[in-house]
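Structure record follows, encoded as structure tokens.
Just so you know, all these numbers are worked out from the coordinates, no wet-lab data involved. Being a predicted model, the structure only gives us computed values, none of them experimental. With ideal geometry, Cβ positions are generated from the backbone for all residues, glycine too; neighbour counts draw on all protein chains shown.
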Amino acid sequence: MNTLCYVVTHPEVVVDPTIPVTQWRLNGAGLARAARLSSLAWAPSVERIVCSTERKAVETAAVLGGDLGLEWATDPELGEIDRSATGFLPAAEHEATADAVFARPAERVRGWESAEDAQRRIVRAVLRWTAVADVPTAYVCHGAVGTLLWCALTGSPIDRRYDQPGQGSWYAFDPWAWTASEPWQRIA
């Protein structure tokens, strides 16, 4: 079998340090980018959408699902690396911490979930959904989630150099051959 599936990351969000990161919404640019998802060449082949339970991923799945006439399912195992130990961090501090998490994947840097633990969780979720049905699936999630899955699919070490080029990106993969067939691409 070689049904292609797709990792799609949520587009740009409203950064609001007064609310939990898991509740951030898509901003205007993010909503516009999400609206272009269904125009991608692979989109009409999608038969199932599974997304993280975080609001920004759910909003992205809702736009794609609405355009394709599909319902979507949520899966908490597709959530971002758990960083509740620190909560919101200013951009530079967040990036430095994320760099450290990827540089030391076995460690819980600053109390964040380790990259290795997150990768196991993400892979487990994708394998579980694949076992349920062999259908083209869009997994709507987050940058680190897609990066950790990419590393698992390609047999690459966990490394942030494999990160998405920006919020609102995608790549295709074959869950049966366990390979990624294309590099990250931005939703235009």
Relative contact order for the chain, counting Cα pairs under 8 Å that sit 6 or more residues apart, in percent: 32
Least to most buried among 45, 84, 114 (fewest other Cβ within 10 Å first): 84, 45, 114
Three-way shape label, region 82-188, alpha-carbon gyration tensor, a/c 1.5: prolate
C-alpha center-to-center spacing [region 121-188, region 71-103] in angstrom: 16
Amide H contacts under 5 Å for residue 70, placed H, 5+ residues apart: none
Charge sum, other residues only, whose C-beta stays under 11 Å from residue 3's C-beta, Lys/Arg counted +1 and Asp/Glu -1: -2
Order of 4, 26, 127 - criterion: other Cβ atoms within 10 Å of each residue's Cβ, fewest first: 127, 4, 26
Alpha carbon convex hull of region 18-156, projected area averaged over orientations, nm²: 8.9
Residue 179 paired with residue 84, simple spin-label distance in nm, labels 7 Å along Cα-to-beta-carbon: 3.9
Within-11-Å neighbourhood charge of residue 168 [Cβ basis; K, R +1; D, E -1]: +3
Loop GluC sites (Glu not before Pro), region 86-188, which have at most 13 other Cβ atoms in a 10 Å radius of their Cβ (DSSP): 107
Dipole of region 51-188 [Lys/Arg +1, Asp/Glu -1 at C-beta], most positive-end residue of 69, 97, 151: 97
Spin-label pair residue 156/residue 41, simplified geometry with 7 Å Cα→Cβ offset, distance in nm: 2.2
Difference of contour (0.36 nm per residue) and Cα-Cα distance, residue 124 to residue 16: 35.8 nm
Neighbour net charge for residue 29 - beta-carbon separation under 15 angstrom, K R +1, D E -1: +3
Dipole magnitude of region 1-158, debye to nearest 20 (Cβ charges: Lys/Arg +1, Asp/Glu -1, about Cα centre): 80
Shape call, region 61-134: gyration tensor on alpha carbons, a/c limit 1.5: oblate
Span-rule helices in the chain, defined as complete DSSP H runs reaching 27 Å or more along the axis (Cα) with Kyte mean at least 1.0: none
Estimated distance in nm for a label pair at residue 53 and residue 106, the labels positioned 7 Å out from Cα along Cα-to-Cβ: 3.1
Relative contact order for region 104-188, counting Cα pairs under 8 Å that sit 6 or more residues apart, in percent: 22
The chain, helix-only ellipticity at 222 nm - DSSP H runs n ≥ 4, -39,500 (n - 2.57), divided by all residues, nearest 500: -11000 deg cm²/dmol
